[in-house]
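I have a structure I would like to understand better, so I am pasting it below and will then ask my questions one at a time.
Values quoted throughout were computed directly from the atomic coordinates according to the rules given, and no laboratory measurement underlies them. Bear in mind the structure is a predicted one, so any value in this text is a computation, not a measurement. Please note: Cβ atoms are built from the backbone with ideal geometry, for glycine as well, and neighbour counts cover all protein chains shown.
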Amino acid sequence: MKIQDAVINDAPAACEVLRRSISELCVADHGNDPAILAAWLRNKTPEIVASWIAQVDSSLLVAIEHGAILVVGSVTDAGEIILNYVSPDARFRGVSRAMLAALEARAIERGNTRSTLSSTETARRFYHANGYAEDGVKTRNYGTNTGYRMAKSLTAQIVDHVS
């Protein structure tokens, strides 16, 4: 598996990973409610994903294995992780953890000592297990009540990264 910056040609496959991950893996968040699911998926189109790839103030990364995108992740230059979605076909293989490490490394490269994110209920335990802690009031995302604001210090990783 290789993690790299996404290119415009990755947009359709990356979009498909996002849509499948949300639809199939985030049931604890959307509860199969068609209105919530529609709101969450509304901006997950190949055209919009292509626009995210082209943004200059964030990085959209993909993990690729045998030509297939397994994970899509994005981090802003301010250190906020805004995407980390795994294909249902690659769940529990460590690819999300590898993507998280790559996103944190990119945040460090951009001068950040702290990473923030808004976690789904589905991913909350994953982020806790990777050093994130609740950091703020729960938010309402796409009609769900499961936007857990979380943060992690990247200071220790900066020391390890520099060593």
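Please state the relative contact order of segment 2-162 as a whole percent: Cα pairs under 8 Å, 6+ residues apart?
22 percent
Quick check: residue separation of Glu16 and Arg114 times 0.36 nm, minus the Cα distance between them. What number comes out in nm? It would help to have the intermediate numbers written out before the result.
On the way: separation 98, 0.36 × 98 = 35.28 nm, distance 2.99 nm.
The Glu16-Arg114 span can extend by a further 32.3 nm.
Could you tell me what % of all Cα pairs in the chain have separations over 22 Å?
Values: 5336 of 13203 pairs.
Roughly 40 percent, once rounded to a whole number.
Only sites in a loop by DSSP and with at most 12 other Cβ atoms within 10 Å count here; which chymotrypsin sites (Phe, Trp or Tyr not before Pro) in segment 51-121 make the cut?
Numbers: sites: Trp52, Tyr85, Phe92; in loops: Phe92.
Those satisfying the criteria are Phe92.
List the residue ranges in the chain for DSSP H helices whose C-alpha atoms run 15 angstrom or more along the long axis and whose Kyte-Doolittle average is 0.5 or above.
Values: long enough: 95-109 (21 Å, 0.69).
Helices meeting the criterion: 95-109.
What FRET efficiency, computed as 1/(1 + (r/R0)^6) with R0 = 30 Å and r the Cβ-Cβ distance, is obtained for Ala35 and Phe92, rounded to the nearest 0.05?
Computed FRET efficiency for Ala35 and Phe92: 0.55.
Restricting to DSSP H runs of at least four residues, report the calculated mean residue ellipticity at 222 nm for the chain, -39500 (n - 2.57) per run over all residues, nearest 500 deg cm²/dmol.
So the calculated ellipticity at 222 nm is -11000 deg cm²/dmol.
Just to check, using Stokes-Einstein with a Kirkwood Rh over alpha carbon pairs, what's the diffusion coefficient of segment 1-56 at 4 °C and 1.567 mPa s in µm²/s?
On the way: Rh = 12.1 Å.
Calculated translational D: 107 µm²/s.
Compute the distance in nm between two label points, each set 7 Å from the Cα along the Cα-to-Cβ direction, one at Val27 and one at Glu134.
About 2.6 nm separates the two model spin labels.
Here's something else I'd like to know. Enumerate the residues in segment 65-86 having an amide nitrogen under 17 Å from the point lying 7 Å beyond the Cα of Val7 toward its Cβ.
The answer is 65-70, whose backbone nitrogens lie closer than 17 Å to the label point.
Sort the following peptides by mean Cβ neighbour count (other Cβ atoms within 10 Å, averaged over residues), highest first: 120-126, 101-107. Write down the numbers at each step before the final one.
Numbers: 120-126: 17.9, 101-107: 20.7.
Descending packing order for the listed peptides: 101-107, 120-126.
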